[in-house]
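S.K.: Here you go, one structure.
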Amino acid sequence: MSLTVENMDIASTNLPSGDQLMGADLLTRTQLWSWESLLLLGLVSIVTLFLFVKVLFGGAGGLQGRKAVKLRQPPGPRPLPIIGNMHQFGSQPHISLWNLAKKYGPIMHLKLGSQRVVVVSSADAAREFLKVQDKVWAGRPPAPGASIFEEKIVDIVWSTYGNYWRHLRKILTIEILTSKRLESFRPLRTQEFSEMVRSIWDDSQQGKVVDLAVKISHLSFNNMTRMLLNKRFFGVNASGQEEAFRFKEANTKFLSLAGVISISDYIPWLAWITKATGFNKYMKKVKAEVDNMFHEFLEVKKNGKKLQNNDSTTPATAADENQNQPEDFVDILLRQPAEDGTGHLADISIKAVIQDMIVAGTDTSSNVVEWGISELIRHPEAEKKLQEELDRVIGKERTVTEADIPNLPYLNAVVKETFRLHPQTPINLPHKSIEDTTLGGFDFPVNTILLLNIYAIQRDPNWWERPEEFDPERFIKNPEINVTGNHFQLIPFGSGRRQCPGMPLGVLFVQMGLARLVHSFQFSLPDAADPATLDMTARFGLTAPRTVPLKLVCKPRLPNHLY
Ligand code: HEM
């Protein structure tokens, strides 16, 4: 089966021990808001008083002295001085902004500090911004924490629209994430999926409750690092593999920090707050840790040595497979030219691209599989239908392969419904306008930030009947609706120029993950708990994993020789 999206009918931690790994001192977005907002409240009062006095006594540069520019702005809640609408984002910004949109409409104006923001919350408006005006909104604001690192942005995700971004994106789509190249990694993926299933089976034979979140997360990480670096970090019984955990931990911390809104990004003169609290120091430390590891890997690759596989506990098959591994992504990156077409891509750019793929492509994919299994446990009728389809098409004498996927319409419906209810970027990565523009009768100056509320769009009652309900049948009735970015009511990968370039890989991972797991096991909650009691809350960060990692009893459904 080809890996092009067209051929897929359907066509991003949840580390179980994530919080432990991150360390107790990690500031989450929620914590950051709460402690900073206390300080801010005090500051706002002082500064408001100051401005009031200044205006009252006609100080230079006061409101009267400012040149009035009459912009036709979308409606929106009134911003406070200094912080704008920051206080209204809350710990679940997708929900807070959705509630505000119900009052102010699908195109809403807000302010983050003094920065203009437009929040889009309907499929029709999303089409206007990402299709009709795709290029105008293809910029990116600086990465979170940019004010702290004071470094030039060199990755794909956070580069603004321009030649450098175009160059990297072209390398990614034409050289690396091509359907042919991804197809060449198929045996390797199959092997990783089989290892996950085998490891769950082992646990189940010992009567253990299976930490499914860990299993899927390690699978996703291995899958990616084998393509990137020809290296697998997690073996069958992964515990104790220090380097693997160190690497995953560093990346998990980095991912969490990338989801934090640093106040100094929006109100530069309040940078002292993040300095005084030690937050800057912590961010720099985490970044240095991640940079060092990538630096080590790159040096080894450049010296022409294969990275040592951390798979002493891995069966011979994995090691053997490694010998026949197709050319990995880093080797391909090492022979790419620089932006001006000469020489070689700089090391710093290569490291940034590797990191992008790990950060953007591992937890996003594994989280969706975990959410899919969670939904199926709570909806036994859907789980049964999927099992029946798998048993009918594949039978019980072999395991699912990627070639089976086009013949599994109910699986595809389950996958789409999971992407709809559990978008991994509930608020899309921010875009930015690269020129002044007018849309929907409103004026948007250059550098306006665009926040697309994917969570709200994919639950819009104007498009979806009973939007909160998990109902794969809606995609059996309307199989033409897919996630490729052409149906704006379902855009878990975004749409347009900045759309996720890893979409085919992400979709395939979720399809195969759900198919292999549901075909292989009958799931139930520990202590025969009622599935209706399963906690379905999400943790908001750069991705949206389950708050409580999924732990299940997994009863094998296939003959022993298939594990
Ligand atoms: C289920 C899995 C995934 C989901 C839900 C997902 C979702 C997204 C979303 C919503 C965006 C932002 C699009 C925008 O700005 O409009 C994005 C960007 C991106 N994704 Fe993914 N992604 C997934 C998997 C992957 C994988 C597997 C890779 C790499 C192999 C990847 C690499 C990237 C990159 C590099 C960008 C930045 C693109 C740019 O700014 O030009 N993603 N992804």
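Read-outs: derived from the displayed coordinates by stated rules, not from any lab. Predicted model only: the values in this text are computed from it and were never measured. Neighbour counts are summed over all protein chains in view; Cβ atoms, including those assigned to glycine, are modelled from backbone coordinates with ideal geometry.
S.K.: Once you put a point 7 Å from the Cα of residue 154 and another 7 Å from the Cα of residue 478, both along the Cβ direction, what distance in nm separates them?
M.R.: That separation, rounded to one decimal, is 4.5 nm.
S.K.: According to the square roots a ≥ b ≥ c of the eigenvalues of the Cα gyration tensor, what is the shape class of region 410-563, taking rounded for a/c under 1.5, prolate for a/b larger than b/c otherwise, and oblate for the remainder?
M.R.: prolate
S.K.: List the residues, sorted by chain then number, that are 5 or more residues from residue 112 or on another chain and whose placed amide H is less than 5 Å from its amide H.
M.R.: Residues meeting the amide H criterion: 85, 117.
S.K.: Please enumerate, by chain and number, the lysines with C-alpha under 19 Å from the C-alpha of residue 477, excluding those fewer than 8 residues away in the same chain.
M.R.: Filter leaves 384, 385, 416.
S.K.: Where does each of 486-498, 195-207 land if you order them by average Cβ count within 10 Å, highest first?
M.R.: Highest mean packing first, the order is 486-498, 195-207.
S.K.: Could you rank the peptides 167-180, 533-546 by their average count of other C-beta atoms within 10 Å per residue, with the highest value first?
M.R.: Ranked by mean Cβ neighbours within 10 Å, highest first: 533-546, 167-180.
S.K.: Between residue 403 and residue 292, what's the calculated FRET efficiency when r is the beta-carbon distance and R0 is 51 Å? Round to 0.05.
M.R.: After rounding to 0.05, the efficiency reads 0.80.
S.K.: I would also like to ask the following. With θ taken as phi - 60° and the coefficients 6.51, -1.76 and 1.60, list the Karplus ³J(HN,Hα) couplings across region 242-250 in order, rounded to whole Hz; mark glycine and proline as x.
M.R.: Those phi angles translate into 4, 4, 4, 5, 4, 5, 5, 4, 4 Hz.
S.K.: Under 17 Å from the Cα of residue 396, which aspartates and glutamates turn up, not counting those fewer than eight places away in the same chain?
M.R.: 383, 388, 404
S.K.: If you don't mind, there's one more thing I want to ask. Indicate the gyration tensor shape class of region 359-483 (rounded, prolate or oblate), computed on the Cα atoms with a ≥ b ≥ c the square roots of the eigenvalues: a/c under 1.5 is rounded; otherwise a/b larger than b/c is prolate and the rest oblate.
M.R.: Prolate, since a/c reaches 1.5 and a/b exceeds b/c.
S.K.: Follow-up question, since we're still on this one. Can you divide the C-alpha Rg of region 158-204 by 2.2 N^0.38 Å and report the result to two decimal places?
M.R.: The value comes to 1.83.
S.K.: Which links in 70/152; 131/351; 152/231; 180/231; 170/302 stretch past 26 Å when you go from one Cα to the other?
M.R.: 70/152; 131/351; 152/231
S.K.: From the Cα gyration tensor of region 420-466, with a ≥ b ≥ c the square roots of its eigenvalues, which class applies: rounded if a/c is under 1.5, or else prolate if a/b is larger than b/c, or else oblate?
M.R.: It is oblate, given that a/c is not under 1.5 and a/b is not larger than b/c.
S.K.: Right, something else. Size of the dipole of region 416-467 about the Cα centre, Lys and Arg at +1 and Asp and Glu at -1 on the beta carbon, nothing else charged, in debye to 20?
M.R.: Dipole size: approximately 320 debye.
S.K.: Quick one: which residues, 5 or more positions from residue 446 or on another chain, have an amide H under 5 Å from its amide H? H modelled 1.01 Å from N in the peptide plane, none for Pro or chain starts.
M.R.: For residue 446, the qualifying residues are 436, 437.
S.K.: What nm value, rounded to one decimal, do you get for the distance between residue 99 and residue 340 when each label is placed 7 Å out toward the C-beta?
M.R.: About 5.4 nm, to one decimal.
S.K.: Something else about it: If you filter region 375-438 for trypsin sites (Lys or Arg not before Pro), then keep DSSP loop positions with at most 11 other Cβ within 10 Å, what is left?
M.R.: Hits after loop and neighbour filter: 398.
S.K.: Would you mind checking which residues have amide H under 5 Å from residue 232's amide H? H placed 1.01 Å from N; only 5 or more apart, or other chain.
M.R.: 310
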